[in-house]
Amino acid sequence: MELIKSNTSRVALVAGASRGIGLALVNELLMQGDWHVLAACRQPDQAQSLINLRKEYVDQLTLLSLDATDEQSLANFKQQCLQHCQHIDLVFNTIGLLHGPDLKPEKSLRQMRLANLHSIFAANAFAPILLAQSVSALLAKSSQSWFVSLSARVGSISDNQLGGWYSYRAAKAAQNQLLKTLSIEWARTQPNTCVLVMHPGTTDTDLSKPFQRNVPESKLFSAKFVATSLLALTLSKNSLDSGQFLAWNGELISW
């Protein structure tokens, strides 16, 4: 297993890299030219878009296996990272879950199901903080590093005026609290790392597809636009900004 020549490029990790915003971030980082990208997803051997990119960017892209809701997968992933690189400069977590077979946002209390709560919290709240735990030591070795996780404006408690979407709102709010707490710890223990929680806006991906009917065209963003915006915003921040909840355009969102 070859070690990345970290003196020739910065190292970025994208979790949830096989589609949507994650895949767009991988593309954007590769096109910038000075990043080596670790692209992590559950089944990289079946992620055709990443496999095609690997052929084009053979020296810049490494595919890794990760299920951030599974402890054994996280342990294996940590070892993969340690074998591939000496440090990581940027982590983008794009893992999230809103709907699926027999799973959709609740419109009322009577639709609440324990199994759905477990699934939604595992992906949207637990995965980001467990990922941070896995890569903490590698981020600490960089002179300036970023840990960024996608949240959602609906995770803001003070902004909740409509109700509904119980489990998704609560899981994103839980993620926000976990990462805010992480930013306070890392300010003491690895102050070179900037922790950011970001709302990407409504993006034209599979996650938002069933809910796009009433979204104005001007408010429905392409994954490429979102990836470019989020990356530029991230790199404009430093450790003094750690612990912020930001929209894609830099607007501060209330917790």
Checklist entry - So which residues in the range 234-255 are not hydroxyl-bearing (Ser, Thr, Tyr) and not in a loop (DSSP other than H, G, I, E, B), if there are any at all? => result 235, 240, 241, 244, 245, 246, 247, 252
Checklist entry - Which one is surrounded by the most Cβ atoms within 10 Å (Cβ to Cβ) among residues in the range 100-111 that are out of contact with any helix residue (DSSP H, G or I) (no Cβ under 6 Å at 6 or more places or on another chain) and not in a helix (DSSP H, G or I)? => result 104
Item to check | Test: residue 75 is of a type in the set (Gly, Ala, Ser) and not in a helix (DSSP H, G or I) | outcome: no
Checklist entry - Which of the residues that make up the range 48-72 are buried (at least 16 other Cβ atoms within 10 Å of the Cβ) and in a helix (DSSP H, G or I)? => result 50, 53, 54
Checklist entry - Taking only pairs six or more apart or across chains, which ones have beta-carbon atoms under 6 Å, a first residue in the range 171-188 that is over 25 Å from residue 142 (Cβ atoms), and a second residue that is of a type in the set (Val, Ile, Thr) and modelled with pLDDT of 95 or more? => result 171/120; 173/157
Checklist entry - Based on what the data block shows, is residue 178 surrounded by 14 or more Cβ atoms within 10 Å (Cβ to Cβ) and farther than 22 Å from residue 199 by Cβ? => result no
Next on the checklist: Residues that are assigned to a loop (DSSP other than H, G, I, E, B) and either under 24 Å from residue 42 (Cβ atoms) or modelled with pLDDT under 95 (or both): does the range 121-141 have at least one?
Outcome noted: yes
Checklist entry - Here are some conditions: (1) in contact with a Phe, Trp or Tyr (Cβ under 7 Å, 6 or more places away or on another chain); (2) among the β-branched types (Val, Ile, Thr); (3) crowded, with 22+ Cβ neighbours inside 10 Å; (4) part of a loop (DSSP other than H, G, I, E, B). Residue 91 meets all but one. Which one does it not meet? => result (4)
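The values are calculated or read from the model by the stated rules, or taken from the named source; none is laboratory data. It should be emphasised that the depicted structure is a prediction, and the values quoted were computed from it without experimental measurement. Methodologically, a virtual Cβ is constructed for each residue, glycine included, from the backbone with ideal geometry; neighbour enumeration extends over all protein chains shown.
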